[in-house]
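**Q** Have a look at the structure that comes next, please.
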Amino acid sequence: MSRHAHSLSTTASDWVIRKELPDWTAADQADLDSWLAESVHHRVAFLRAADVWDRANRMRALNRLTYRRFSFLRDRKAFPILLRSAAVVCLAIVVGIGALNWLGQPQEAVYTTAVGGHETVPLADGSQVELNTNTVLRVSESTSQRVAKLERGEAYFNIRHDAKRPFFVYAAGHRIVDLGTKFEVRDEDGTLKVTLLEGSARLESSQAWAPAHSVVLKPGDVAFASVQSLRVVREHEKALTNALGWRRGVIVFEHTTLQDAIAELNRYNHRQIVISDAGVGRMKIDATLPINGVDAIVRVAEDVFGVRASSRPDGTIVISR
């Protein structure tokens with residue numbers, strides 16, 4: 001629990017105890033209402049502390065015990081202070097135990113990017129994840145493990161290895177186990193592509209009903225995995241750098257068919273391009289284009305290949321001979 005969270009919890013606990021004392025006044029209530037109105041975090045902390053108080057029967061026993069033990073006190077003003085101090089300490093212990101149990105449970109966060117979006121997500125342990133276009137990633141962390149679930153899209157992981165808290169990535173029916181790694185994961189229509197840039201990682205099937213397969217990836221390995229199969233190829237450094245061009249806002253095409261180039265560009269843009277001629281789609285292109293380069297690739301196709309481009313009413317661009 002952070003210092004700020006601990007301070008907030010203590011303050012909320014103090015308000016709960018004070019509210020139970022017989023000397024509670026309308027002015028005290030006004031002060032409490034003002035504090036609650038300052039922030040939603042104040043209200044949440046107060047509700048949690050009140051819930052702990054309501055469920056902690058031991059606090060009621062402490063109330064009675066404190067009255068008996070300090071019955072010798074003549075100063076009636078001192079009694080509420082002693083009672084409040086003892087009760088706040090015990091309530092803080094109960095809240096603290098609850099907080100530790102809560103912190104021990106996985107805390108999930110969901111990160112998304114829109115079409116054409118790019119976001120860098122810093123994790124609490126110093127690791128980073130970069131999300132590419134149209135991506136959904138769920139991250140949960142506990143005291144024993146760190147888990148990321150790639151529901152769709154593409155992400156680049158730069159993970160700080162921690163043997164005591166392993167990092168797992170689940171995607172397309174598979175699990176990637178970090179062994180001190182920089183790697184990219186792409187889920188496209190159920191086919192998984194894992195590119196290992198640095199360190200090592202183990203890729204394995206995660207579905208109990210699917211055929212079991214597993215491989216440890218090394219730098220330069222690119223794995224293609226489906227439910228039924230797993231294939232690993234080696235790529236040279238330039239190809240790996242080009243594949244990560246999206247991190248710099250570009251897409252690099254090297255001897256790529258126009259069909260494949262347009263399919264990749266369509267991932268980043270709402271304006272879509274279609275090719276109406278299979279022969280045009282087989283033409284090869286070498287270019288580095290911005291991820292929003294719809295007009296740029298159309299100009300390249302017209303100038304280099306002599307094709308025609310026309311627009312439909314819905315904004316779709318059709319490329320033909």
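**Q** What FRET efficiency comes out for the pair Glu38/Ser142, r = Cβ-Cβ distance, R0 = 30 Å, nearest 0.05?
**A** Efficiency for this residue pair is about 0.45.
**Q** Cα gyration tensor of segment 249-320, axes a ≥ b ≥ c as square roots of the eigenvalues: rounded (a/c below 1.5), prolate (a/b > b/c) or oblate?
**A** In terms of gyration-tensor shape, oblate.
**Q** Have a look at Gly220, Asn134, Ala114 and report the one farthest towards the positive end of the charge dipole of segment 107-236, computed about the Cα centre with Cβ charges (Lys/Arg +1, Asp/Glu -1).
**A** Most positive-ward Cα: Gly220.
**Q** Further, regarding this structure: Sorted by packing (mean other beta-carbon atoms within 10 Å per residue), highest first, where do 267-279, 10-22 land?
**A** 10-22, 267-279
**Q** Please give the FRET efficiency for Thr120 paired with Gln29, using the beta carbon to beta carbon distance and R0 = 56 Å, rounded to the nearest 0.05.
**A** My answer for the efficiency is 0.75.
**Q** Is the C-alpha gyration tensor of segment 119-222 telling us rounded, prolate or oblate? Criteria: a/c under 1.5 is rounded; beyond that, a/b larger than b/c is prolate, otherwise oblate.
**A** It is rounded, given that a/c, with a ≥ b ≥ c, falls under 1.5.
**Q** Highest mean first, how do 24-36, 285-297 rank when packing is the count of other Cβ atoms within 10 Å averaged over residues?
**A** The densest-packed peptide leads the list: 285-297, 24-36.
**Q** Across segment 140-299, how many lysine pairs, 8 or more positions apart or on different chains, have C-alpha atoms separated by under 28 Å? Please give the number.
**A** Taking the Cα cut-off of 28 Å, the pair count is 15.
Each reported figure results from applying straightforward, stated rules to the coordinates on display, with no laboratory input. Bear in mind that the values here come from a model prediction, so they are computed numbers and not experimental data. Heads up, the Cβs are rebuilt from the backbone with ideal geometry, glycines too, and the neighbour counts pull from every protein chain shown.
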